[in-house]
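Below is one structure, written out as structure tokens, with a few remarks after it.
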Amino acid sequence: MSTLATLNFQNAASPLMEQLIFFHDHSMTILILIITIVGYNIISTYTNINIDQHMLESQPLELFWTIVPSFILVFIGLPSIRLLYLLDEVYQPSITIKTIGHQWYWSYEYSDFLNLEFDSYMIPVNESADFNFRLLDVDNRTVIPFNTQVRTLISAADVLHSWTVPALGVKADAVPGRLNQV
Amino acid sequence: MALLRVIPRKATPSVFMQQVARLHNIERDKIGNREVVGWGINGMYSYVDHIAFPMPAIRFKENSPEIMALKEREKGDWKKLSVEDKKALYRASFCQTYSEMRAPDGRWKSITGWVLFGISCSFWIYIWEKLFVYPPMPDTITNIEKRQAQLKRMIDIRVDPIDGLSSKWDYENNRWKK
């Protein structure tokens, strides 16, 4: 779960989220490299007292700083495309859970084996015990089997909602009249 | 049959140069008696002291009889000019020397002062907000027993077991890892 001090992603609870975190680290490395180079350029220009204000063109320099960023973009783009298609891979899920958003609670249906339906309300602050997380805990929790493929069909009953589990790296909009599959 | 004489066309200045010439005519009234000696920064008749532009477009001082006399003597042997003459010739064309342009002016002191003043103003505004604007923190944060219960629950449900919170808890011995 996220606390007030959380700055990064939560630890991954699924392999896809782990790949997303790795890609984020990879892109951040490249970004820090670029910022360091550009920052050094800016500072060295700013502190240099011998400045030629009439320096204009340099074709080789412009060629260099057009081609090198395109290489950098290829290095960012290839893992990004791979991850994009990896996220949409289809598997054989073992269980299907239907998630319906209402104002202002979620209702879940487990209809594969037993017809199980329940509503999940947030525990109000004045009814919560000492160990309850304020505004986060609910009365009936959504239980998902461990180490299996799970299909979630997400919809809404009234207005647009959004269902997400950050540690699993899933988020989908709950649109009334539409089923989104995660 | 009249002989057609081919009259060569005069090279007409471009529109840009015509505009520059028009502006120069306006500027000549503004600069007084000062001599134009070059292109300067952008072609306009202005005098600016700048370390990157060593030669302004116009001289600094107007041509007075004393300066004209000095310039006549300047055409001769320079060894015959005294140091004061050379300084007067320099100051006729320029306002500041390079050392004067580059001399520290102490602006950093007032800039630093105002920046620190602004930062302290923002701190005072924050203090006012804490006293008069914000509601009190919820007791899930201020009550230490509740926070400890929540922390124990976070450890029990294995929050961030890879490199976060639960990875620092020793489950066998029920204490934080050394």
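Tabulated data
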read-out	value
Across A:LYS171/B:LYS152; A:LYS98/B:LYS168; B:LYS30/B:LYS75; B:LYS30/B:LYS79, pairs whose alpha-carbon gap is larger than 32 Å	A:LYS98/B:LYS168; B:LYS30/B:LYS79
Hydrodynamic radius of chain B per Kirkwood, over alpha carbon pairs, in Å	25.9 Å
Relative contact order, percent, chain A [alpha-carbon distance under 8 Å, six or more residues apart]	21 percent
Amide hydrogen neighbours beyond the local backbone of B:GLU35, cut-off 5 Å, H modeled	B:ARG59, B:ASN63
Cβ-based charge dipole, segment A:55-114, positive-most Cα from A:GLY101, A:ILE76, A:GLN59	A:GLY101
Centroid-to-centroid separation of segment A:1-48 and segment A:130-147 [C-alpha atoms, Å]	31 Å
Magnitude of the charge dipole, segment B:15-102, Cβ model with Lys/Arg +1 and Asp/Glu -1, debye to 20	100 debye
Assigned charges on the beta-carbon of Lys, Arg, Asp, Glu; segment B:65-178 dipole about Cα centre (debye)	240 debye
Taking A:SER70, B:SER46, B:SER166 and counting other C-beta atoms within 10 Å, the order from fewest to most	A:SER70, B:SER46, B:SER166
Spherically averaged projected area of the protein assembly as shown from its Cα convex hull (nm²)	44.7 nm²
Order of B:GLU74, A:GLU62 - criterion: other Cβ atoms within 10 Å of each residue's Cβ, fewest first	A:GLU62, B:GLU74
Whether segment A:37-136 is rounded, prolate or oblate, judged on the alpha carbon gyration tensor where a/c under 1.5 counts as rounded	oblate
Built amide H within the under 5 Å cut-off of A:ASN140, gap 5+	A:TYR121
Loop-exposed trypsin sites (Lys or Arg not before Pro) per DSSP, neighbour cap 12 Cβ within 10 angstrom, longest uninterrupted part of chain A	A:1-140
Phi-based couplings in Hz for segment B:70-80 (Karplus 6.51, -1.76, 1.60; Gly and Pro marked x)	4, 5, 5, 5, 5, 6, x, 6, 6, 5, 7
Order of A:GLU109, B:GLU66 under a 10 Å beta carbon neighbour criterion, fewest first	B:GLU66, A:GLU109
5 angstrom amide H check on A:ILE97, placed H, neighbours 5+ away	A:ARG151, A:THR152, A:LEU153
Value of relative contact order over chain B, rounded to a whole percent, pairs C-alpha under 8 Å and six or more apart	11 percent
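The numbers here are math on the coordinates, done by the rules we state, and not lab data. Quick caveat, the model's predicted, so the values are computed rather than measured. Positions of Cβ are backbone-derived with ideal geometry, glycine not excepted, and every protein chain shown enters the neighbour counts.
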